[in-house]
Amino acid sequence: MAETPSTMLGIGTQAPDFTLPEPASGNSVSLTDFAGKPLLVVFSCNHCPYVLHILDSFTGFANEAQSRGLGVVMISANDVAGYPADGPEKMAALAHERGFEYPYLYDESQSVAIAYRAACTPDFFLFDENHRLVYRGQYDGSRPGNIITVDGRDMRAAVDALLAGNEITGDQIPSVGCNIKWRAGNEPDYF
């Protein structure tokens, strides 16, 4: 299993706009739905072992953080022709099975993933209430096969600081995971 790191988009970057379908509800969700609210954007998918390793912990964290005022969206941009387990119907099933209280959106064109310079699953982007990037990095140091406990300590510290109105301090360590599965000819130029 090859690890692909996050591109570590520049702090202060404005969140790229998006409007994407949510297969579980049949609705669309847009960046503007979170106007004036801090937002965590996570690029993910159904099959990645790095995602599955943290998914239950992350879902509990995300569901709780929303009750504290954080917006959360998860986006799958994988090529479903090559990876049918990541298709919209399977996304909806996973969201229901795992109790997502946040939207799980489908980026069929992969244009949103490219706009965010997303590279891996999971890839995390935390924005303040003005939708300026304040944290991009790992959920925690746990990976499939290592002995580090999945506890979300890096993400929790960043979110706690943001929601308290404090500066996010400390090193921001890139997230790593499986590469996003790009459609042939759609590979971004930032690798």
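Computed from the coordinates by the stated procedures, all read-outs in this text should not be read as laboratory data. Here the structure is a predicted model, which means the values were calculated and not measured. No Cβ is skipped: glycine too gets one built from the backbone with ideal geometry, and neighbour counts run over all protein chains shown.
Annotations
- Near pairs, Cβ below 8 angstrom, 6+ apart or cross-chain, from region 144-173 (touching a residue at least 40 places away in the same chain (Cβ under 8 Å)) to any residue that is among the polar types (S, T, N, Q): VAL150/SER57; VAL150/SER142; ASP151/SER57; ASP151/SER142; GLY152/SER57; MET155/GLN138
- Residue match in region 46-60 (condition: farther than 16 Å from SER175 by Cα, surrounded by fewer than 17 Cβ atoms within 10 Å (Cβ to Cβ), more than 15 Å from the chain's Cα centre (by Cα) and not charged (D, E, K, R)): no
- Residues that are assigned to a loop (DSSP other than H, G, I, E, B) and touching a strand residue (DSSP E or B) at 6+ places or on another chain (Cβ under 6 Å) were ranked within region 132-170; the one that is farthest from GLY60 (Cα to Cα) is ILE168.
- The criterion of being surrounded by fewer than 20 Cβ atoms within 10 Å (Cβ to Cβ), touching a Lys or Arg at 6+ places or on another chain (Cβ under 8 Å) and either assigned to a helix (DSSP H, G or I) or charged (D, E, K, R) (or both) does not hold for GLU97.
- Screening ASP128, ASP123 for residues that are touching a helix residue (DSSP H, G or I) at 6+ places or on another chain (Cβ under 8 Å) and at negative phi leaves exactly one candidate, ASP128.
For (1) in contact with a Ser or Thr (Cβ under 6 Å, 6 or more places away or on another chain); (2) on the phi > 0 side of the Ramachandran plot; (3) assigned to a helix (DSSP H, G or I), each residue gets a yes or a no:
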{"residue": "ALA2", "(1), (2), (3)": "no, no, no"}
{"residue": "GLY12", "(1), (2), (3)": "no, yes, no"}
{"residue": "ASP17", "(1), (2), (3)": "no, no, no"}
{"residue": "VAL29", "(1), (2), (3)": "no, no, no"}
{"residue": "ASP56", "(1), (2), (3)": "no, no, yes"}
{"residue": "PHE61", "(1), (2), (3)": "no, no, yes"}
{"residue": "LYS90", "(1), (2), (3)": "no, no, yes"}
